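No lab work stands behind these numbers, since they all come straight from the coordinates. Quick caveat: nothing in here was measured; it's all calculated off a predicted structure. Methodologically, a virtual Cβ is constructed for each residue, glycine included, from the backbone with ideal geometry; neighbour enumeration extends over all protein chains shown.
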Amino acid sequence: MPTSIVFNMINVNNLNTNATVGIGENAQSSWDSHSKNNYGYGENIGAAFTANVANVIYDNDFIDAPINDQDFKPAINNQV
């Protein structure tokens, strides 16, 4: 039974790592996302007020997030 979904508008304010907005017929396979974040005291979400804040991040590794990603991910992209 076919179903119809209608969007009048899609608003995207921000896309983060490994994010997408796929509209229509698309195939998204074999995704990888590798990243590193350093937050001194967290992150502000919403209405936040901070004053006189001092943060020190001691990150003593030489290479941030060493990645050797040699995987092969075959995908079948049959769409009707």
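Values computed for the structure shown
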read-out	value
Where residue 9 falls short, out of the listed (1) without any contact (Cβ under 8 Å) to a residue 40 or more places away in the chain; (2) under 16 Å from the mean Cα position of the chain (by Cα)	(2)
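Each row is one residue, and each column tells you yes or no for (1) within 28 Å of residue 68 (Cα to Cα); (2) surrounded by fewer than 10 Cβ atoms within 10 Å (Cβ to Cβ).
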| position | (1), (2) |
| --- | --- |
| 2 | no, yes |
| 8 | no, yes |
| 18 | yes, no |
| 21 | yes, yes |
| 28 | yes, yes |
| 39 | yes, yes |
| 42 | no, yes |
| 46 | no, yes |
| 53 | no, yes |
